[in-house]
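Enquirer: Shown below is the structure under consideration.
The values are calculated or read from the model by the stated rules, or taken from the named source; none is laboratory data. As the structure is a computational prediction, the values presented were derived from the model and not from experiment. Neighbour counts are summed over all protein chains in view; Cβ atoms, including those assigned to glycine, are modelled from backbone coordinates with ideal geometry. Ligands, DNA and RNA are excluded from the accessible area calculation, which covers all protein heavy atoms including side chains. Shrake-Rupley method; radii C 1.70, N 1.55, O 1.52, S 1.80 Å.
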Amino acid sequence: MRSFLIWSAAFLVTWIALLTLAFAVLRWRLERANRVSPAMRSPAPLLWLWWPSHPARLHRRLRTATAHVRLAPAHKRHGPSLSVDELRRELEYQAVELDHHVVAAARHPRPHRQALLRQLEGQVSEVERLSVRLSRLSRPAGTPASGWDAGPPEVLARISHQLDLLDQAQAELAEIERATGLVDVDALLAPTHRPVAAPQPPPAGGPILSDPRRRSTRRR
């Protein structure tokens with residue numbers, strides 16, 4: 001009975017520890033996802049990840065805008081675009097500051113809250129507009145909005161075209177070799193109709209010599 005109680009207590013403690021660990025990991029992941037900038041914690045509650053309130057929507061718009069800027073591919077150019085990375089960092093910092101103001105405005109009484117949120121919404125829209133401009137400036141000319149130089153259909157078509165060129169080059173090389181007589185490709189590829197018999201090896205004991213006595217007997 002005592003061993004059973006000890007085993008049950010150990011089992012219960014193990015499950016509690018696993019559940020606590022899983023909850024801590026889940027909370028950490030949600031807290032990371034709720035940040036406007038990955039490097040800075042957000043004061044916004046985790047409920048704002050899906051809550052339909054006005055402040056929560058503004059918070060999510062700021063998260064989306066900064067993520068759009070961070071996912072834009074970097075492209076090095078000469079001239080004014082050398083400061084693009086600095087502008088991206090500055091815009092991300094301003095989005096974090098604006099997120100703090102949204103959280104503070106959400107804690108005000110309802111009459112003042114709506115006026116503050118309307119003012120902040122204009123600034124959020126400006127952050128979104130600037131993030132789009134920065135993401136376009138970070139891409140090379142002619143690159144699609146996804147950030148990739150070419151999509152899967154274009155890449156597959158290019159691979160197919162390269163394989164066609166390789167097949168054509170091999171066919172031309174075989175034609176040249178056949179014309180110059182260097183290699184008879186048809187003879188190499190033609191199947192063999194008459195198999196060549198392999199020579200039979202001699203017996204292990206060497207050649208068998210006939211007995212001269214037997215020859216003389218046969219002659220008689």
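Enquirer: Mind telling me which of the residues 22, 67 ends up being outside any loop (DSSP other than H, G, I, E, B), out of contact with any strand residue (DSSP E or B) (no Cβ under 7 Å at 6 or more places or on another chain), at pLDDT below 90 and of a type in the set (Gly, Ala, Ser)?
Expert: Matching residue, one of 22, 67: 67.
Enquirer: Among the residues of segment 81-115, which ones are under 15 Å from residue 69 (Cα atoms) and open to solvent by less than 60 Å² (accessible area, probe 1.4 Å)?
Expert: Result: 81, 83, 84, 88, 91, 92, 95, 96.
Enquirer: Related question: Restricting the first residue to segment 41-58 and requiring it to be farther than 17 Å from residue 120 by Cβ, which pairs with a second residue that is part of a helix (DSSP H, G or I) and open to solvent by 40 Å² or more (accessible area, probe 1.4 Å) meet a Cβ separation below 8 Å and a spacing of at least six or different chains?
Expert: Correct list of pairs: 46/27; 46/30; 49/30; 49/33; 49/60.
Enquirer: Next question, about the same structure. Among all residue pairs at least 6 apart or on different chains, which show Cβ distances below 8 Å where the first residue, located in segment 1-29, is within 22 Å of residue 42 (Cα to Cα) and the second is surrounded by 10 or more Cβ atoms within 10 Å (Cβ to Cβ)?
Expert: What qualifies is 27/46.
Enquirer: Out of (1) of a type outside the set (Lys, Arg); (2) open to solvent by 90 Å² or more (accessible area, probe 1.4 Å); (3) at pLDDT 90 or above, what's the single condition that is false for residue 28?
Expert: All conditions pass for residue 28, except number (3).
Enquirer: Take residue 127 and decide whether it is at pLDDT 70 or above and either open to solvent by 80 Å² or more (accessible area, probe 1.4 Å) or outside any loop (DSSP other than H, G, I, E, B) (or both).
Expert: Criteria met by residue 127.
Enquirer: Right, another one. Working carefully through the options 209, 117, find the one that is at pLDDT 55 or above and not acidic (Asp, Glu).
Expert: Step by step, each of 209, 117 is checked, and only 117 is at pLDDT 55 or above and not acidic (Asp, Glu).
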